[in-house]
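Report on the structure given below.
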Amino acid sequence: MDPQQLPDRIEAWPPGIEPAVPIPGYANTYTHWPAQPLLRRPAGRTERSGPLDLGRKLPCGDDNLAVPGPGRLAMGQLIHIGGRVLDEDGRPVRGAVVELWQANAAGRYRHAADTRDAPLDPDFIGNGRALTDAEGRYGFFTIKPGAYPVPVAETWWRPPHLHFSVLGPASAGRLVTQMYFPGDPLNALDRILMSVPDAAARDRLVARLIPPAEVGPGWLGFAHDLVLRGRSATPALP
Amino acid sequence: MTRLPPTSQHTIGPFFPRGFFRPGDNDLRRIATEAPPSTAGETIRLHGRVLRENGQPCVNAVLEAWQADAAGRFRHPADPDWRLADPDFLGWGRAWTDAAGGFEFITLLPGGYAEGNHHRAPHVNLTIMASGLMRPLATTVFFPDFPEANAADPVLGLVPPEARARLVAMVDSAPDGLAEGSRSFRCELRLRGGAETPFFAE
Ligand SMILES: [Fe+3]
């Protein structure tokens with residue numbers, strides 16, 4: 001695509017997709033988010049561009065969180081999560097860096113900031129990084145995380161969820177999101193998931209169970225696509 | 001072609017893994033951590049603090065920087081001159097904030113460039129992610145070396161005049177470890193409250 005022909009603005013977010021903030025009970029959304037409105041700027045080349053071969057800077061291929069080494073296996077329900085990274089035109093985004101981090105089966109993160117009294121699993125670190133292929137596909141072997149209570153005054157339980165960060169070819173399409181599991185009764189009680197106003201948009205944050213017969217024994221399979229904002233064609237790698 | 005709705009954004013939360021950071025990730029001059037830094041420009045340090053309401057430090061925030069090379073080119077097809085861009089310069093880096101909210105990038109002083117009828121002043125784009133931020137926050141830092149270009153920059157021009165200086169980094173003293181004579185620039189990022197940093201959305 002000729003960059004000179006690109007519109008000077010990226011289409012606004014469709015209504016109902018962006019979380020409504022601040023979120024009652026989530027104090028940091030009151031103290032960290034700007035009081036002033038964001039200034040909407042035209043999307044020039046500085047916003048439409050981004051590093052194309054970030055896989056060299058951020059080594060990828062670390063896509064098995066469940067098996068940290070020979071003969072070792074994390075505790076929990078073994079799952080495979082996979083899908084495609086797409087742009088708003090449905091075109092695959094190849095060469096995107098997909099980062100996954102999550103709690104262990106007991107709902108505890110291996111992070112200094114998680115001081116909850118729940119067990120750590122010596123065989124589970126809980127983060128991985130993968131590069132999308134030519135069809136935009138990513139995939140991770142991992143375990144289903146446990147739910148955990150949020151350490152705030154008016155506590156609530158986060159449902160089992162995976163954190164995703166996607167670095168695509170344009171800064172404006174930078175995505176940080178979370179993925180949920182189908183059928184969990186905590187989903188409808190989660191302040192963060194429920195901050196997304198549109199029910200269909202919330203449903204798109206819930207992974208789809210792949211019929212186990214299609215996956216085979218050993219792992220429960222889930223499918224989850226991630227759509228980056230923007231419709232610029234995925235640029236060719238140099 | 002059907003339009004797919006973009007995936008909703010969420011916060012990174014408080015548990016972004018430290019294991020995702022390696023030494024050198026905050027050095028924009030290197031296309032890989034092991035690669036030698038590009039020398040096609042002036043090496044500078046860009047550092048500062050991320051502060052939340054009441055000037056409290058914002059700890060465990062993740063910052064990502066993105067900028068043009070020293071000649072004002074992006075190695076990306078959105079730039080018509082992308083094939084001329086410095087092949088040894090990545091222009092992207094990632095840092096996290098310490099207990100004082102502090103962050104640091106090492107980079108080359110970016111170049112300005114013409115775009116359409118405008119001239120973009122040299123700048124570094126910063127994306128901030130933190131617990132409580134339900135989407136990444138974007139801002140752009142400019143340099144005091146270029147007062148005329150800054151005054152003509154179309155994005156800085158969107159900022160109310162009294163707030164523009166908040167997006168212009170200040171020169172301060174370089175720490176030990178930076179090459180002799182290297183310059184250091186400082187910029188405070190106030191997420192909310194008095195002298196709040198202007199943030200942008202596309
Ligand atoms: Fe979490």
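Could you tell me which residue of region A:83-128 is nearest to the other protein chains (Cβ to nearest Cβ), considering only residues that are in contact with a helix residue (DSSP H, G or I) (Cβ under 7 Å, 6 or more places away or on another chain) and assigned to a strand (DSSP E or B)?
Among those residues, the one meeting the criterion is A:ASN127.
Considering only region A:140-160, how many residues are touching a helix residue (DSSP H, G or I) at 6+ places or on another chain (Cβ under 8 Å) and closer than 23 Å to A:GLY128 by Cα?
Initial filter on region A:140-160 (touching a helix residue (DSSP H, G or I) at 6+ places or on another chain (Cβ under 8 Å)): A:156-157, A:159.
Now narrow it down to the ones that are closer than 23 Å to A:GLY128 by Cα: A:159.
Residues that pass the stated criteria total 1.
Have a look at A:LEU226, A:LEU220, A:LEU205, A:LEU193 and point out the one that is more than 15 Å from the ligand (Cβ to nearest atom), surrounded by 15 or more Cβ atoms within 10 Å (Cβ to Cβ) and under 21 Å from A:ALA20 (Cα atoms).
Working: A:LEU220 fails: under 21 Å from A:ALA20 (Cα atoms); A:LEU205 fails: more than 15 Å from the ligand (Cβ to nearest atom); A:LEU193 fails: more than 15 Å from the ligand (Cβ to nearest atom).
That would be A:LEU226, the only listed residue that is more than 15 Å from the ligand (Cβ to nearest atom), surrounded by 15 or more Cβ atoms within 10 Å (Cβ to Cβ) and under 21 Å from A:ALA20 (Cα atoms).
Report the residue count in region A:43-59 for those that are part of a loop (DSSP other than H, G, I, E, B), more than 7 Å from every other protein chain (Cβ to nearest Cβ) and of a type outside the set (D, E, K, R).
Going residue by residue through region A:43-59, those that are part of a loop (DSSP other than H, G, I, E, B) are A:43-44, A:49-53, A:57-59.
The next check asks that each one be more than 7 Å from every other protein chain (Cβ to nearest Cβ); those that pass are A:53, A:58-59.
Subsequent filtering for residues that are of a type outside the set (D, E, K, R) retains A:58-59.
Counting residues in region A:43-59 that are part of a loop (DSSP other than H, G, I, E, B), more than 7 Å from every other protein chain (Cβ to nearest Cβ) and of a type outside the set (D, E, K, R) gives 2.
Within region B:86-100, restricting attention to residues that are surrounded by fewer than 22 Cβ atoms within 10 Å (Cβ to Cβ) and of a type outside the set (D, E, K, R), which residue is nearest to the other protein chains (Cβ to nearest Cβ)?
Checked region B:86-100; the qualifying residue nearest to the other protein chains (Cβ to nearest Cβ) is B:PRO87.
Only one of B:ILE106, B:ILE44 is of a type in the set (Val, Ile, Thr), under 22 Å from B:ASP153 (Cβ atoms) and out of contact with any His (no Cβ under 6 Å at 6 or more places or on another chain). Can you tell me which?
Only one candidate passes the filter, namely B:ILE44.
Out of the residues in region B:163-202 meeting the condition of being assigned to a loop (DSSP other than H, G, I, E, B), within 11 Å of chain A (Cβ to nearest Cβ) and in contact with a Phe, Trp or Tyr (Cβ under 8 Å, 6 or more places away or on another chain), tell me which one is nearest to A:ALA35 (Cα to Cα).
Of everything passing the filter in region B:163-202, B:ARG192 is nearest to A:ALA35 (Cα to Cα).
For region A:137-160: of the residues being over 30 Å from A:GLU47 (Cα atoms) and in a strand (DSSP E or B), which is farthest from the ligand (Cβ to nearest atom)? Give the steps one after another, and end with the answer.
Step one: of region A:137-160, the residues over 30 Å from A:GLU47 (Cα atoms) are A:141-160.
Now drop any that are not in a strand (DSSP E or B), which leaves A:141-143, A:148-149, A:157-158.
On the way: A:PHE141: 19, A:THR142: 14, A:ILE143: 14, A:TYR148: 7, A:PRO149: 11, A:TRP157: 11, A:ARG158: 6 Å.
Within region A:137-160, the match that is farthest from the ligand (Cβ to nearest atom) is A:PHE141.
For the structure I just gave you, tell me whether B:VAL124 is more than 10 Å from every other protein chain (Cβ to nearest Cβ), within 28 Å of B:PRO175 (Cβ to Cβ), in contact (Cβ under 8 Å) with a residue 12 or more places away in the chain and within 12 Å of the chain's Cα centre (by Cα).
no
Consider region A:98-121. How many of its residues are away from the ligand (no atom under 16 Å from the Cβ) and touching a Pro at 6+ places or on another chain (Cβ under 9 Å)?
0
FYI, it's all coordinate maths here, none of it is from the lab. The model shown is predicted, which means the values in this text are computed figures rather than measured ones. No Cβ is skipped: glycine too gets one built from the backbone with ideal geometry, and neighbour counts run over all protein chains shown.
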